[in-house]
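In what follows, a single structure is set out as structure tokens and then discussed.
What follows draws every value from the coordinates through simple rules; no lab data is involved. None of these values were measured; they are calculated from a predicted model. Every residue, glycine as well, gets a Cβ built from its backbone with ideal geometry; the counts of neighbours run over all protein chains shown.
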Amino acid sequence: MHEDIVAALERVGIRHPFPIQEMAIPLALAGHDMIGQARTGTGKTLAFGISLLQRVVLADEPGYADLGIPGAPQALVVCPTRELASQVSKDLSTASTVRRARVLTVYGGVGYEPQLEALAAGVDVVVGTPGRLLDLVGRRALNLKQIRMLVLDEADEMLDLGFLPDVEKLLAQTPPRRQTMLFSATMPSAIVGLSRRHLNQPMNIRAESAEDTTTVPATTQFVYQAHDMDKPEVVARILQAEGREKMMIFCRTKRTAQRVAEDLAGRGFAAAPIHGDLNQSQREKSLRRFREGQVDVLVATDVAARGIDVTGVTHVINYECPDDDKTYVHRIGRTGRAGATGVAVTFVDWADVTRWKVINKALGLSFETPVETYSTSAHLFTDHGIDPGAKSRVAPPKEVEDRPEGSRPPAPAERERPREPRPRRQRSRRRTHNGEVVREGAASAPTSAQTSPSSPQSSPSSPQSSPNGTAEGSAPRRRRRRRRGGGGGDGQTTAGQEQSS
Ligand SMILES: Nc1ncnc2c1ncn2[C@@H]1O[C@H](COP(=O)(O)OP(=O)(O)OP(=O)(O)O)[C@@H](O)[C@H]1O
Ligand SMILES: [Mg+2]
């Protein structure tokens, strides 16, 4: 490999390039379009990052004056989340400490001023999320007509329906004769097909052979069929697993992520939430505290599923079954990075068994039938080297620092208590006709069937008994509203919807 590149890698403390870097960098430097696929945590950022930085013409170099639009960026990296844009930008800045490129991060949820000022002063590389990028283009503060290199990080997500319209608008702003590079750990063939519209004779680069697993082999996976009410207890035990350092816990909704973080803090663990109901500074604070180790449990929605690289994450828990195989791969890819080992535990609710089977099959995993697991199950303790005496509380309750604006701190005792069915209120209404009472209290006189609390039905898909041995049918079932795919109400959202600006 070219000695410049070896030197650039050494500057970021890297002695030996990873396979994707070895394969992609020379081709990228030669100006080829490419689709680069390599497992999570195997160095894709620097594979495109080093290439961009090498190809940018710096302000003090010959040729800069010939660029045409002084100060307009030459390279653009588009990411699906603000946190990822920020991280990629940091990696690029670190990698450019000798060959000093001006790298700017652009995303929504924060003030415009610093971004406008930096753009006015001139930048070489812009890293951002689609919403704010388009916004700045619309304000004529960002000119993309000089982009020579364009990268879609997490490309399959960027070309999926949630982002595609914005990404196409961005692409239309850039010159057609640019170099385009797509990178992701997952690249469904439909997306590859679609992407060809935007690429020019792309090289397909795969760091692993097609037969290899999409997941990282050094990450040990466990899949448990678990009961929703028992999950906090199971998590509390896994938090006491042998060798546990940092843990990321993924939930499907913002509300669940917040609740689980608060529950774990209430049990004495140092947990922080990250999801789209928190404002940007709260999100950044949670991630920063997790990176720095002030908290060692980060409870997240899929907003943190892709690309986020935090050293020392030994465990990932899928508190709720991921939507699809790609989400599974990216979520568990937050552990087992850069050659480290990891542990990934997935909880599958009874209602999610079919969904899980689809994921299991798509990835060729061996967890067709997840093992039923409770906080008291012997295998839970042996699987993770947990002390048999481990309790579900480890210290006095802690406070979660961040919660959505306007929400009140939860009363811990209230949170997990199943709700009693409320008897229907008897309403007595007084009706009059021409000023005379015609019926007293009869308007909604309840029938006996209406007044007695409805007896809970046990669902055929429910387990026969709950973890504490009581019959499942004897407790009222909590209603959960779920929307999938469409996103929207009830705290349900996809990563794209949470942070698209
Ligand atoms: N050649 C290398 N040797 C050792 N560590 C490396 C090397 N290249 C990158 N790293 C480190 O590996 C980690 C993972 O890299 P990176 O975030 O680029 O992975 P990725 O392939 O983009 O993963 P994901 O698919 O999750 O986005 C980072 O901490 C990075 O600094
Ligand atoms: Mg990445």
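Before moving on, here are some points about what is shown:
- Centroid-to-centroid separation of segment 149-208 and segment 292-344 [C-alpha atoms, Å]: 24
- Over all distinct Cα-Cα pairs of segment 185-309, the Kirkwood formula returns a hydrodynamic radius of 17.1 Å.
- Rotationally averaged projected area of segment 219-404 (alpha carbon convex hull; nm²): 9.6
- The calculated FRET efficiency for the pair VAL371 and THR311, based on their C-beta separation and a Förster distance of 30 Å, comes to about 0.45.
- Full extension of the chain between LYS361 and LEU194 gives 57.7 nm of extra length, using 0.36 nm per residue less the Cα-Cα distance.
- Shape parameters for segment 3-206, alpha-carbon atoms, Rg then Dmax in Å: 15.7, 43
- Compared with the direct C-alpha span, the chain from ARG11 to ASP323 gains 108.4 nm at full extension, assuming 0.36 nm per residue.
- Separation in nanometres of the label points that stand 7 Å from Cα toward Cβ, at MET229 and ARG177: 6.9
- Links that overshoot a 28 Å alpha carbon limit, given the list LYS44/LYS361; LYS44/LYS285; LYS90/LYS391; LYS44/LYS169; LYS169/LYS246; LYS285/LYS398: LYS90/LYS391; LYS169/LYS246
- Spacing of the two label points (7 Å from each Cα toward its C-beta) at ALA378 and TRP350, in nm: 2.5
- For ILE274, distant residues with modelled amide H under 5 Å away: VAL299, ALA300, THR301
- The label-point distance for ASN279 and LYS145, in a model that sets each label 7 Å from Cα toward Cβ, rounds to 3.8 nm.
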